[in-house]
1. Calculate for the chain the 222 nm mean residue ellipticity that helices alone would give, adding -39,500 (n - 2.57) per DSSP H run of length 4 or more and normalising by residue count, nearest 500 deg cm²/dmol.
2. Which peptide among 191-198, 57-64 comes first, and what is the full order, when sorted by highest mean count of other Cβ atoms within 10 Å?
3. Any chance you could give the angle, 0 to 90 degrees and rounded to 10, that helix 215-226 forms with the longest Cα principal axis of the chain?
4. Please compute the modelled spin-label separation between residue 190 and residue 109, points set 7 Å along Cα→Cβ, answer in nm with one decimal.
5. Report the relative contact order of the chain, percent, no decimals, based on alpha-carbon pairs under 8 angstrom and at least 6 residues apart.
6. Would you mind checking segment 122-166 for residues with the amide N under 19 Å from a putative spin-label position 7 Å along Cα→C-beta of residue 199?
7. Jot down the per residue volume, in cubic angstrom and as a whole number, of the convex hull over the alpha-carbon atoms of segment 4-88.
8. Quick one: the Cα spread of segment 109-235 along its three principal axes, in angstroms, biggest first?
Ligand SMILES: [Zn+2]
Ligand SMILES: [Zn+2]
């Protein structure tokens with residue numbers, strides 16, 4: 001069993017609480033600490049650790065405050081340097097070096113984004129669940145076996161982006177940056193095709209862009225292509 005709670009998911013700030021009923025973790029800390037506390041109902045001491053994928057503010061804003069609250073931060077040295085994080089609550093991690101937090105075994109892997117040392121995560125627990133967390137990347141070079149939960153960015157859809165460029169609502173340079181830094185609906189479909197999703201119970205679509213996405217349509221299309229339960233983290 002994995003329980004996933006979206007505390008926020010957009011370019012305004014990303015954070016998710018996941019638990020297997022024994023160890024609760026925070027994935028990202030991308031909005032002000034006070035809002036994070038409120039969303040977690042002030043039960044910060046429940047959180048055994050916080051994983052941060054990269055240094056952009058929408059993923060890391062509360063990192064220092066989270067450490068001050070006594071929660072260890074697990075992130076790459078490149079991300080820690082970019083954020084100026086140090087001290088005994090900083091746990092530097094590296095791609096392909098597995099580590100444990102409570103009942104979770106976590107394996108980071110490289111992703112492709114305009115950041116210092118961004119990481120995605122595979123989180124497996126002792127109950128046999130396996131979750132992939134993949135955001136802020138324009139490509140995923142890995143395939144994963146035995147996934148039960150997928151949390152994946154669905155930032156935009158190419159047809160919406162192209163229409164907005166044609167309508168003059170989006171500058172071609174913004175489109176270029178988007179395509180070289182974020183995962184879109186088309187990527188999500190390719191990713192789901194490339195991986196064995198027979199054991200998957202839930203697919204979460206993350207980090208939808210305000211202008212370049214359509215939550216209802218994304219949910220419907222992924223539900224139709226996979227037959228799985230799809231949740232859109234759009235708050
Ligand atoms: Zn980013
Ligand atoms: Zn982001």
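Since every read-out is calculated from the coordinates, none of them should be taken as a lab result. Being a predicted model, the structure only gives us computed values, none of them experimental. Note that each Cβ is placed from the backbone with ideal geometry, even for glycine, and that neighbours are counted across all protein chains shown.
1. Result for the chain: -7000 deg cm²/dmol, rounded to the nearest 500.
2. Top to bottom by mean Cβ count within 10 Å: 57-64, 191-198.
3. Long axis of 215-226 versus the principal axis of the chain: about 90 degrees.
4. It is 1.5 nm.
5. 16
6. Within reach of a label on residue 199, which here means backbone N under 19 Å from a point 7 Å along Cα→Cβ, segment 122-166 contributes 122-134, 142-152.
7. Cα convex hull per residue, to the nearest whole number: 84 Å³.
8. So the extents along the principal axes, rounded to whole Å, are 50, 35, 26.
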